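To start, the structure under review is shown below, and the notes come after it.
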Amino acid sequence: MSEDKTLTMVTCTAPANMAVIKYWGKRDSDLILPINSSLSVTLHQDQLKTTTTAAISRDFKEDRLWLNGEEADVGHPRLQSCLREVRRLARKRRGGGDEDAAPLGLAYKVHIATENNFPTAAGLASSAAGYACLVYALARLYGVEGELSEVARQGSGSACRSMFGGFVQWHKGERPDGKDSVAQQVAPETHWPELRILVLVVSAEKKQVGSTAGMQTSVDTSPLLKHRAEALVPERIAHMVQHIRERDFEGFGQLTMRDSNQFHATCLDTFPPIFYLNDVSRRIIALAHRYNAHHGCTKVAYTFDAGPNAVIFALADTVAEFVEVVRRSFPPAPNGDRFLQGLPVGSASLAEELLSAVVLEPVPGALQYILHTKPGPGPQLLDDPGQHLLGADGLPRGSA
Amino acid sequence: MSEDKTLTMVTCTAPANMAVIKYWGKRDSDLILPINSSLSVTLHQDQLKTTTTAAISRDFKEDRLWLNGEEADVGHPRLQSCLREVRRLARKRRGGGDEDAAPLGLAYKVHIATENNFPTAAGLASSAAGYACLVYALARLYGVEGELSEVARQGSGSACRSMFGGFVQWHKGERPDGKDSVAQQVAPETHWPELRILVLVVSAEKKQVGSTAGMQTSVDTSPLLKHRAEALVPERIAHMVQHIRERDFEGFGQLTMRDSNQFHATCLDTFPPIFYLNDVSRRIIALAHRYNAHHGCTKVAYTFDAGPNAVIFALADTVAEFVEVVRRSFPPAPNGDRFLQGLPVGSASLAEELLSAVVLEPVPGALQYILHTKPGPGQRAGAAPA
């Protein structure tokens, strides 16, 4: 008879993702079922990742949660949703082999610690990476295998897309019970080696309308959103899948920009209207269009979520020049942190013609920094016990 | 036999109008036929008007045009369109009475001078008032009567709505020749005596995308605009007519705000996207929503055209308080021109509760001035030489 382990611990990492065909609006708020399908690019964990350690022990008195070292409310309904779902799936799969993790483990309390390798305040990677990581870790802990995106979805809609690497589609689904509202990989992260992403982190601003409340108001009040979801997105998804499969950057880029704009258009058609794009966002958009016009084709494509940060897609041979264009247009504030982070960027000198056509009056200090990354893999299980965020006592380890 | 008059001169004035159900997009660029109907409120000429004098004389060597005192290009296609159309209608109607104006007048050259009683650079009253005025003056000159909104429309779409006072609908029309694409009065300017308008003139900014090019790009690239025109506007027009007839400010105000936002949404759905609302515009929108929320009903309604100026609708008993709210939120720059112009505004003191709920951090100098006006009549004509 195998001994009861005192403590079982698992650590995973999960990525952020950026939608190129946007999710905005639910048809079911409890199960988090969307009014339209969406499609995203998973970002590389070397630059953006969430790490989560989950541990169960018969010695734990209650469920507890730490976010970036600070204890947080474990009673959060979405977190409880995920916990409940994973435990339910674990119960279903009991009676497997000898090795099922802690048969009594379902009754034990769980301790969860999670950390991001990027500043939370920057408004990056929302809750997608966090919930994806949590679900992945809990599933490993409880020995649950198979389809997990459905569980992640119930924590945060976009989290289901973070369950896979590369290019991922979240199928809207038709069933009321949401069992067919799942994510699926369209192409792996290795499919398009030249594709790069630049995240332009805009300087901190006052709090915007949260996504959950915002999209509900949009569903309730915007006839343009209704039309988008019913009549426009299905075709866009099909086209986007094709552009990706064919590595057609012109098509991919144009559709990405149009879909970002259409999403923000539906926010403006909401009542009261929601404005996520600010002055800097609009300048970035105008800059991208001038840059593309100058080159006579789509070289960069912008997309914006429910916040001011810009995510720019480009091919590798465009990055150096465009980063220099951005630097000239939005000069870093002096004594700021490193302005360019992530993957290395080569140097580039700008032709006078390009400068005068594309770079207009500079706006110093408008960007906090630029993060250079690329498509990356889905969640990972860490083997190294040194990576655990919790100690053997189930409490967060002291910071290094 | 009447003598050939050496000079025949007519002076007219015409109003500006502000659309509450927006026109954006043509199905025919030559005839200026819109993809959807629109509905506007004609603004009072005491505050905003264009004055046009048109004269024909056998002594004139060529057509000439002066805008606000400066000579301008009379060859402008839209102007030529209007001129051509009015002359065509005049030819059709020859053979009327003894009094038809200058039977040979159709061959004479025309001199036109036009002036606004408000600064052109402020982006107010676009070309609507101008073309409406021109068409009306030319029609008087050539003795053309009857349906003129069709002619004005060919100068500038929204000009046809300036041909009437009060509340005006521009029917989209179905005919390819545009003969049924005309404006019609929904209710006269006397219909809703309590209705007021505040034009918040935003400080000058760099040139935006012009309407004509902008709406063409929208028609070409925005699927949301297509849906708006086909499926959403007809019902909105019907509702708006009802709100106006019933003097239902709650309904009128809400629909006005929603339609302004939807128009700007279709601009954002255009490719490349068009942004007419700027930071100040957005602050005004947020201010209006806070003010209405504070009062628990729709007290003010904003609408924006293809530019940053805000047009606010309110009932008369709201004006004083809201003007004070605006003044606190956007304090005038010192040594500026008179900040409040047009109809008088009473004074108002703001309750502390309202202040803390509604007026957030002030943005000095964001507004050039506020113009207080109300619905007004269509053209007036004076035949005496200016």
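The values are calculated or read from the model by the stated rules, or taken from the named source; none is laboratory data. Bear in mind the structure is a predicted one, so any value in this text is a computation, not a measurement. Cβ placement follows ideal geometry from the backbone for every residue including glycine, while neighbour counts extend to all protein chains displayed.
Summary of computed values
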| item | result |
| --- | --- |
| Single residue of A:Val358, A:Val311 found to be within 27 Å of A:Lys49 (Cα to Cα) and at pLDDT 95 or above | A:Val311 |
| Any hit, the range A:244-257, residues being part of a helix (DSSP H, G or I), over 18 Å from A:His171 (Cβ atoms) and away from chain B (no Cβ under 14 Å) | yes |
| All positions within the range A:258-299 that are in contact with a Phe, Trp or Tyr (Cβ under 8 Å, 6 or more places away or on another chain), facing chain B (nearest Cβ under 7 Å) and closer than 26 Å to A:Thr318 by Cα | A:Arg258, A:Asn261, A:Arg282, A:Ile285 |
| Residue list for the range B:198-235, restricted to those being facing chain A (nearest Cβ under 10 Å), closer than 16 Å to A:Asp269 by Cα and part of a helix (DSSP H, G or I) | B:Pro223, B:Leu224, B:Leu225, B:Lys226, B:His227, B:Arg228, B:Ala231, B:Leu232 |
| Complete set of residues in the range A:16-50 that are among the hydroxyl-bearing types (Ser, Thr, Tyr), in a strand (DSSP E or B) and at pLDDT 95 or above | A:Ser38, A:Ser40, A:Thr42 |
| Failed criterion for A:Phe164 (all others in (1) at pLDDT 90 or above; (2) crowded, with 22+ Cβ neighbours inside 10 Å; (3) in contact with a helix residue (DSSP H, G or I) (Cβ under 7 Å, 6 or more places away or on another chain) hold) | (3) |
| Helices (runs of 4 or more DSSP H) fully within the range B:279-386 counting 2 or more residues that are crowded, with 21+ Cβ neighbours inside 10 Å | B:279-295, B:316-329 |
